[in-house]
Each structure stands twice: as C-alpha cells, then as structure tokens.
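Student: Handing you a structure now.
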Amino acid sequence: MMNSRRSIFLVLLITLSLTALSQNQNVSQEVRDAVAMAKSQMDEGDYAFANKIFRKILKEKQVMPSEMCYYFAETLFMLEQYQNSQNFTDKYLELTGKAGDYYEQIMDLRKLLRQKVNANEFCDYCDVNGYRLAPCSNCKQLGKVHQTCHRCKGAGVTTCRLCLGEGVVIRKNQLGEDEYQSCPLCDSKGFETCQLCLGNKEIESTCEVCLGSGRERTHLICNHEPPLNDDFSIR
C-alpha cells in the first residue's frame, strides 16, 4: 500500500512539474545550477545522488529546462525505474520533437526501455516496474481478508430496524388510538440478524495491501528468473 501511495505521489509531482516544463522559459539560475550538478553526478556514475537532486527540483515545482527530461530519464533507467524513465522520454519528445539536442540519445534510450518494459510485462515474478513480487504478508496470498463486521461490531445482530429495539410497534387502530403489537420483524426480541455480515460476525473484503492479487511488491529488482525457493509465487 505504501509503495502504491509513493507511486501516486510521484506521478502527481511529475504532472505538475512537467506542466511547467512545457513553458521552458524563465528557468531560474538556481534550477539551472541544480540540473548542472545532477548532470555532473551522472557523469561520475552516481545516479542515486542525481536522482535526489532531480526529485528535489520536482518537489519545488519550478520551471525547468527541457533537457532535464532526458537527464532524468537516463538516471531513472540506470536506477531500473523503467516505467518512470519512459514517462520522461515521452515528455521530452512531446516538448522538443526531432529538434531536441538529445533526440538521437532519447530514441536509443526508448529502444532499451521497450526491451526492459516488455520483459517486465511478460515476467511472472515482477510487476510492470520490474520489482520482484512476493506472497502478500497481509492476506497470506488469498487476496481477501476477514475482519470484524463494523456494523454489528462482531455481535452478529443489530437493533431491529422496525421496532428500534423495543420489541413492539405502535400502530393506530380504526379509532385513532395507539395499539401495541409484537414486532413482526424481530419476533419481539428487539434485535435482528446483521444485514451486512448475515450473522457471521465477520465480513470479507479485498486486501488493501495487494488489492486482491495475493502478491505484494518488494524493493528487489527482478531478474526475471524463477525463484530458487518458495518465497515467491507464480501468477
């Protein structure tokens, strides 16, 4: 669940920041210096540090130079974050077309990404981003979880809807007088079987960690090879 939230947060940051990228003007010197620093880290092979710099720029939501799309795409590729890398190659081409200074490099990178993404899509042991999958620790690979019914609080019964727990209902007779009658819904008990859990005291719901798949993403990059033990399952 945490991985999903982080992915959603990153997508939102990318969307907001790349909107500013489309303007590609009035880039502050501070941003240009930060991009240059990240590029120097890339040249030294420290893509993890470069990644931190690029993400910091994204969070500040400032206008950025279009070439940052290429730099960040390359950085993400080297960090094996292929899906995010592909997003930035697409944006670079959208902004610059064939006129971009890194057009040939971006096209070469797209070919490599296509191979990686396709490998992830057809791999039985990882998600589309290339992270190894493991049996869900929350639902034990069932995709479903059982929890105490929130309507009856695990009692299996609730207050009768008709008599509101009184066991009797009041109706007017032909003379307009109140007439007390045994509740036909609960047989005067004042309670009825819970309509949500049907008296089972528990309800079944989709696992919020694996979203019903029975498997959750780990932090390990997949090698697309079968597991050596039973720690990982097959789709």
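The values are calculated or read from the model by the stated rules, or taken from the named source; none is laboratory data. Everything numeric here is computed off the predicted structure, so don't read it as measured data. A quick note on method: Cβ atoms are made from the backbone with ideal geometry, for glycine too, and the neighbour counts reach across all protein chains shown.
Student: What is the number of the single condition among (1) modelled with pLDDT of 90 or more; (2) more than 30 Å from Leu76 (Cβ to Cβ); (3) within 34 Å of the chain's Cα centre (by Cα) that Lys140 does not meet?
Tutor: (1)
Student: Okay, next question. Output the residues belonging to segment 110-137 that are outside any strand (DSSP E or B) and either closer than 16 Å to Cys207 by Cβ or of a type in the set (Phe, Trp, Tyr) (or both).
Tutor: Phe122, Tyr125, Asp127, Cys136, Ser137
Student: Of (1) in a loop (DSSP other than H, G, I, E, B); (2) over 21 Å from Val209 (Cα atoms); (3) among the charged types (D, E, K, R), Lys140 satisfies all except one. Which?
Tutor: (2)
Student: Buried (at least 18 other Cβ atoms within 10 Å of the Cβ) and closer than 30 Å to Cys197 by Cα, is that true of Cys136?
Tutor: Against the criterion (buried (at least 18 other Cβ atoms within 10 Å of the Cβ) and closer than 30 Å to Cys197 by Cα), Cys136 qualifies.
Student: State which residue is surrounded by the most Cβ atoms within 10 Å (Cβ to Cβ) when the search covers only segment 153-174 and only residues that are assigned to a loop (DSSP other than H, G, I, E, B) and either in contact (Cβ under 8 Å) with a residue 40 or more places away in the chain or aliphatic (A, V, I, L, M) (or both).
Tutor: Filtering segment 153-174 for residues that are assigned to a loop (DSSP other than H, G, I, E, B) and either in contact (Cβ under 8 Å) with a residue 40 or more places away in the chain or aliphatic (A, V, I, L, M) (or both), the one surrounded by the most Cβ atoms within 10 Å (Cβ to Cβ) comes out as Gly156.
Student: For segment 111-143, how many residues are on the phi < 0 side of the Ramachandran plot, of a type in the set (Lys, Arg) and not assigned by TED's automatic domain parsing to the domain that holds Tyr82?
Tutor: Here the count works out to 1.
Student: Looking only at segment 65-83, how many residues end up being surrounded by 20 or more Cβ atoms within 10 Å (Cβ to Cβ) and part of a helix (DSSP H, G or I)?
Tutor: Of the residues in that region, 11 qualify.
Student: Taking Leu198 as meeting all but one of (1) of a type in the set (A, V, I, L, M, F, W, C); (2) at positive phi; (3) touching a residue at least 24 places away in the same chain (Cβ under 8 Å), write down the number of the exception.
Tutor: (3)
Student: Condition test on Phe232, is it surrounded by 13 or more Cβ atoms within 10 Å (Cβ to Cβ), among the aromatic types (Phe, Trp, Tyr) and modelled with pLDDT under 90?
Tutor: Considered against the rule, which asks whether it is surrounded by 13 or more Cβ atoms within 10 Å (Cβ to Cβ), among the aromatic types (Phe, Trp, Tyr) and modelled with pLDDT under 90, Phe232 comes out as yes.
Student: Exactly one of (1) closer than 30 Å to Thr193 by Cα; (2) free of Cβ contacts under 8 Å to residues at least 12 places away in the same chain; (3) surrounded by 14 or more Cβ atoms within 10 Å (Cβ to Cβ) is unmet by Tyr103. Its number?
Tutor: Exception for Tyr103: condition (1).
Student: Same structure again: Restricting to segment 143-163, name every residue that is among the aliphatic types (A, V, I, L, M) and closer than 13 Å to Glu208 by Cβ.
Tutor: Across segment 143-163, the qualifying residue is only Val145.
Student: Restricting to segment 179-213, give me the number of residues that are part of a strand (DSSP E or B), more than 28 Å from Cys136 (Cβ to Cβ) and not hydrophobic (A, V, I, L, M, F, W, C).
Tutor: 6
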